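Novice: Got a structure for you, written out below as structure tokens; questions coming shortly.
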Amino acid sequence: MADTPLDLTLDAARLTAQLVDFPSESGTEKPLADAIETALRNLPHLTVDRHGNNVVARTRLGHAERVILAGHIDTVPIADNVPSRLDADGTLWGCGTCDMKAGVAVQLRIAATVPAPNRDLTFVFYDNEEVSADLNGLGHVADAHPEWLEGDFAVLLEPSDGQVEGGCQGTLRVLLKTTGERAHSARGWMGSNAIHAAAPILARLAAYEPRHPVIDGLEYREGLNAVGISGGVAGNVIPDECVVTVNFRYAPDRTEEEALAHVREVFADCGVTDLVVDDHSGAALPGLSHPAAAAFIEAVGGTPQPKYGWTDVARFSSLGVPAVNYGPGNPHLAHRRDERVDTAKILAGEERLRSWLTA
């Protein structure tokens, strides 16, 4: 179906199925981006811009407030789960159903069916979210055309099971290296074992007590964990290098600089010979005190929850735009071979957003 025009008259559930049937693994999003651009350019109340495989559409109604609805159009690699399949109980199966073509379908439906919203709207459809941060399309748009992303509040339609999730935690990954001296294992006393030297690092991690700070009424749960360890030369060699990979998930009351300083402090006396930052994406404050956020929460209902994982709300936060996550998919089903979504939640998400933007 990748050569079939998108039909924005379909409800959000059926439109999700059509989007799933457009294969769009990271790096192959062009056909879907083309279809989205074509569909949006047929809507006279929107102006449409494109940068690479990223499409941005905006209303220009002169409202005092502008809201951004954003979602990525790529998926993880297909696992024999395309085309989509709809069960009689309303379960839609397929790659990207949950993460996050259901959210993208809701965006497209709002774009098509709410020509006169009570706030100006910006719709962002971007590529390469599921791969390395340097390829992320939202980041590319922010660098090349930051004016396209100007707004007062943003909703990222990542899967949140129909709950509002405020902000997101930051994620820092570091490589902690220890060194030693090689020797034949039969004469181990003549060398120095770098793997043994990593023991203080592991002991410090095992004893670490993470914070649970409360921000805007949301309790975040930090975590400092080893996620990998490597070392060893051969079965008869004392190793001269070991690397422990550590991931720090930190609350949004820490800056990137503060998070790195904290990690350095934790391991300061653990025999680390080198600390290398392997990956770092900053956190985002919830922004729930913003009037638009309060109106959004009232319209969609439920009790806001903290976002423990990292999402692109952090990119909006860095642009000065408070943002929340709100999408119809269950995040626990993302990236699975049996990925699926409850179509009733897609339809409910569409109606709740419409209610908020037309009240």
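Novice: So what is the relative contact order of the chain, in percent, for Cα pairs below 8 Å that sit 6 or more residues apart?
Specialist: Rounded, it is 24 percent for the chain.
Novice: While we're on this one: Starting from a Cα-only point model with no solvent, please compute log10 I(q)/I(0) by Debye for region 170-281 at q = 0.10, 0.23 1/Å.
Specialist: Summing over Cα pairs of region 170-281 leads to -0.35, -1.20.
Novice: Now a separate question. For region 5-16, take each phi angle, set θ = phi - 60°, evaluate the Karplus expression 6.51 cos²θ - 1.76 cosθ + 1.60, and give the result in whole Hz per residue in order, putting x for glycine and proline.
Specialist: x, 5, 10, 7, 7, 5, 5, 4, 5, 6, 5, 4
Novice: When the Karplus curve 6.51 cos²θ - 1.76 cosθ + 1.60 is applied with θ = phi - 60°, which whole-Hz ³J(HN,Hα) does each residue of region 221-238 get, with x for Gly and Pro?
Specialist: Running phi through 6.51 cos²θ - 1.76 cosθ + 1.60 with θ = phi - 60° gives 10, 6, x, 10, 9, 6, 10, x, 8, 9, x, x, 10, 7, x, 10, 10, 6 Hz.
Novice: With +1 assigned to the C-beta of every Lys and Arg and -1 to the C-beta of every Asp and Glu, and no other charges, what is the dipole magnitude of the chain about the Cα centre in debye, to the nearest 20?
Specialist: I would put it at about 260 debye.
Novice: Tell me what the chain gives for mean residue ellipticity at 222 nm when only DSSP H runs of n ≥ 4 count, each as -39,500 (n - 2.57), the sum divided by the residue total, rounded to 500 deg cm²/dmol.
Specialist: -8000 deg cm²/dmol
Novice: Pairs Lys307/Lys345; Lys177/Lys307; Lys30/Lys307: which exceed 26 Å Cα-Cα?
Specialist: Lys177/Lys307; Lys30/Lys307
Novice: Tally Lys and Arg at +1 and Asp and Glu at -1 over the other residues with C-beta under 15 Å from the C-beta of Tyr326: what net charge comes out?
Specialist: Computed value for this residue: -3.
Novice: Can you give the alpha-carbon Rg of the chain over 2.2 N^0.38 Å, where N counts its residues?
Specialist: This ratio for the chain stands at 1.12.
Novice: Which loop-located trypsin sites (Lys or Arg not before Pro) does region 317-359 contain, where loop means any DSSP state but H, G, I, E or B and the Cβ has at most 15 other Cβ atoms within 10 Å?
Specialist: Arg336, Arg337
Novice: Related question: For Leu218, what charge total do you get from the other residues with a beta carbon under 14 Å from its beta carbon, if Lys and Arg give +1 and Asp and Glu give -1?
Specialist: With Lys, Arg at +1 and Asp, Glu at -1, the neighbours total -2.
Novice: While we're on this one: Tell me the net charge near Ala198. Cut-off is 13 Å between Cβ atoms, Ala198 excluded, with +1 for each Lys or Arg and -1 for each Asp or Glu.
Specialist: -1
Novice: Please state, as a whole number in µm²/s, the translational diffusion coefficient that the Stokes-Einstein equation yields for region 14-109 at 20 °C and 1.002 mPa s, with Rh defined as the Kirkwood radius across alpha carbon pairs.
Specialist: Using the Kirkwood radius from Cα pairs, D works out to 150 µm²/s.
Novice: To make sure I understand, if each residue's beta carbon is the centre and we count other beta carbons within 10 Å, what order do Val233, Val55, Val341 fall in, fewest to most?
Specialist: Val233, Val55, Val341
Novice: Taking 7 Å along the Cα-to-C-beta vector as the label spot, tell me the Thr4-Thr113 distance in nanometres, rounded to one decimal.
Specialist: Once both label points are built, they end up 1.9 nm from each other.
Throughout, read-outs are computed from the coordinates displayed, never taken from laboratory work. Note that this is a predicted model, so its numbers are computed, not measured. Neighbour counts are summed over all protein chains in view; Cβ atoms, including those assigned to glycine, are modelled from backbone coordinates with ideal geometry.
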